[in-house]
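Data first, discussion second: the structure below is written as structure tokens.
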Amino acid sequence: MTADNTTEKELNWFSLLKRSIRQDLLPILTDLRLAIVMLLVIAGFSILGTVIEQGQSLAFYQTNYPEHPALFGFLTWKVLLFIGLDHVYRTWWFLALLILFGTSLVACTFTRQLPALKSARKWKFYERPQQFQKLALSAEFDDASLNSLPEILQNQQYKVFQQDNTLYARKGIVGRVGPIIVHIGIVVTLLGSIFGAMTGFVAQEMVPSGETFKIKNIIDAGPFAASQVPKDWSVHVDRFWIDYTPSGGIDQFYSKMSVLDAQGKEVDNQTIYVNKPLRHNGVTLYQTDWGIAAVRVRVNNSPIFQLPMAPLNTNGKGRIWGTWIPIKPDLSEGVSLLAKDLQGMVLIYDSKGQLANTLRTGMSTQINGVTLKLLDVVGSTGLQIKADPGIPLVYSGFAILMTGVAMSYFSHSQVWALQKDGRLYVGGKTNRAQVAFEQEVLSILDKVNSASTKNQKEVSLT
């Protein structure tokens, strides 16, 4: 086999592939019904991703989506995890849907929208009276002149093209550009969503007041998210506190936080609360939860002990934290401390489980000959941390989309005129706002008729 034969076969194969794409694949991709179905499917799974909690632990899904009884008779934690409904926006099939939908829009733009725009930009002169019969709006004048029409149309914001005894005018070409801009906006939004899903991450941290932390507890992340997790800065929780209502309920909880660079120098300082996050270098820290981290106590004249407190199981009857404090050197006896909030009050139970006393911050009590002083109840801030590098693209795509939608509301209106055999033929059409266009054309025709009558009077007077 010669090189020429090989090259010829490769060219034939490429030609067949190109023809197959053009004749078989493109009609499917540009089918409006396919685009609508994909859009509905994407919307449906997006709703599921909103309803079903994303990025939670296995225990969470086992508790909330048990096998018996299964939600709706089939949705169990096993089904949910197998399909990927715990991280919908990062699954391969959801990303494939976005890519397919974007490909469909791009194909439609190049095969339909751009040719339609190119056709709309061409000057189209009608040179035969029969062509005006196909227009929804048309009229004939016996003694009118084509020369009176350009000024009338220009006053109506039309762009006029005239050649000998023919005229073509148009306005609202931006309405033809609008759908293309809409497609561009949607594609940019999809690219931003895909980029964010591939490179973004979600983390959770529970940090005691006064501690410094780096983001480590990643609960959901894209395959290329490692580069987005900050390694050259950390966050110090200067203080965490809660404002309570007069009835004892939580009004708001706050975290005063400092961002530190690699050398420990403060580069930012903000107080965050619910709906007011801290943003730094593309990472957003939300205030979402709180807890009790520790108590600081002194036994007799001992140094200050900071003892960690752990959440206790109350079977859904509220949140409470507890710890155990030894009151004998051999650790053979101790007392339990329980706290339910950061208002500085703790309950003390002796070794027999009996309530021994109630203390507030700064108060002391005697237990079995030991003086126990409560110095502080240390709170911890619960943070949800997110990074989504695709958000600027998503916002840009949405802005482009809204611009395209606004542009699409402009009507693309066209008017033709022909002067032939002593008669003037005028007609027009538009792609939307038919009633307004009819009124506009009737107004133009009235002005043409008035100009014709005026010319006839001037001629008769002469």
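Answer with yes or no whether Phe161 is surrounded by fewer than 21 Cβ atoms within 10 Å (Cβ to Cβ) and within 30 Å of Val229 (Cβ to Cβ). When the stated conditions are applied, Phe161 does not pass them. One residue alone among Pro246, Pro230 is under 30 Å from Gly344 (Cα atoms) and assigned to a loop (DSSP other than H, G, I, E, B), and that residue is Pro246. Taking the conditions (1) surrounded by fewer than 17 Cβ atoms within 10 Å (Cβ to Cβ); (2) assigned to a helix (DSSP H, G or I); (3) over 43 Å from the mean Cα position of the chain (by Cα) in turn, Val448 satisfies each one other than (1).
Might you check whether a residue that is among the polar types (S, T, N, Q) and over 31 Å from the mean Cα position of the chain (by Cα) occurs anywhere in segment 282-291?
No, every residue in segment 282-291 fails to be among the polar types (S, T, N, Q) and over 31 Å from the mean Cα position of the chain (by Cα).
For segment 240-259, indicate whether the set of residues that are surrounded by fewer than 17 Cβ atoms within 10 Å (Cβ to Cβ), under 30 Å from Arg90 (Cβ atoms) and β-branched (Val, Ile, Thr) is non-empty. Within segment 240-259 (the criterion being surrounded by fewer than 17 Cβ atoms within 10 Å (Cβ to Cβ), under 30 Å from Arg90 (Cβ atoms) and β-branched (Val, Ile, Thr)), the answer is no, since none of the residues qualifies.
Given the conditions (1) surrounded by 14 or more Cβ atoms within 10 Å (Cβ to Cβ); (2) assigned to a loop (DSSP other than H, G, I, E, B), report the number of the one that Pro303 does not fulfil. Single failed check for Pro303: (1).
Count of segment 143-156 residues, restricted to those that are surrounded by 15 or more Cβ atoms within 10 Å (Cβ to Cβ) and either out of contact with any strand residue (DSSP E or B) (no Cβ under 6 Å at 6 or more places or on another chain) or in a strand (DSSP E or B) (or both), is 3. In this structure, is Ala96 of a type in the set (A, V, I, L, M, F, W, C), surrounded by fewer than 17 Cβ atoms within 10 Å (Cβ to Cβ) and over 20 Å from Ser411 (Cβ atoms)? Criteria met by Ala96. Figure legend. Inter-residue proximity from segment 315-329: first residues closer than 16 Å to Val370 by Cβ, second residues among the acidic types (Asp, Glu) and in a loop (DSSP other than H, G, I, E, B), beta-carbon distance below 6 Å, spacing 6+ or different chains. Indicated pairs: Ile327/Glu333.
Any residue at all in segment 385-408 that is at pLDDT below 90, on the phi > 0 side of the Ramachandran plot and of a type outside the set (Asp, Glu)? No. Applying the criterion of at least 1 residues that are over 35 Å from the mean Cα position of the chain (by Cα) to the strands (runs of 3 or more DSSP E) found wholly in segment 157-211 leaves 159-163, 166-171.
Of everything listed in (1) under 18 Å from Gly192 (Cα atoms); (2) in contact (Cβ under 8 Å) with a residue 60 or more places away in the chain, the single unmet condition for Phe132 is (1). Summed over segment 346-369, residues that are of a type outside the set (Phe, Trp, Tyr), surrounded by 16 or more Cβ atoms within 10 Å (Cβ to Cβ) and assigned to a strand (DSSP E or B) total 7. For Thr7, indicate whether it is exposed (fewer than 14 other Cβ atoms within 10 Å of the Cβ) and either modelled with pLDDT of 85 or more or small (Gly, Ala, Ser) (or both). Answer is no for this residue. Of the residues making up segment 284-300, those that are modelled with pLDDT of 90 or more and not in a strand (DSSP E or B) number 0.
In segment 409-445, what count of residues is obtained for those that are closer than 18 Å to Val177 by Cα, crowded, with 20+ Cβ neighbours inside 10 Å and in contact with a helix residue (DSSP H, G or I) (Cβ under 8 Å, 6 or more places away or on another chain)? So the count comes out to 3. Has segment 60-77 got at least one residue that is within 21 Å of the chain's Cα centre (by Cα) and surrounded by 10 or more Cβ atoms within 10 Å (Cβ to Cβ)? No, that holds for no residue. In segment 265-283 there is at least one residue that is assigned by TED's automatic domain parsing to the domain that holds Val237, touching a residue at least 60 places away in the same chain (Cβ under 8 Å) and not in a loop (DSSP other than H, G, I, E, B). Could you please tell me which pairs satisfy a Cβ distance under 6 Å, a separation of 6+ or placement on different chains, a first residue in segment 139-153 that is farther than 15 Å from Tyr425 by Cβ, and a second residue that is modelled with pLDDT of 90 or more and part of a helix (DSSP H, G or I)? Hits for this filter: zero, empty list.
The values are calculated or read from the model by the stated rules, or taken from the named source; none is laboratory data. None of these values were measured; they are calculated from a predicted model. A quick note on method: Cβ atoms are made from the backbone with ideal geometry, for glycine too, and the neighbour counts reach across all protein chains shown.
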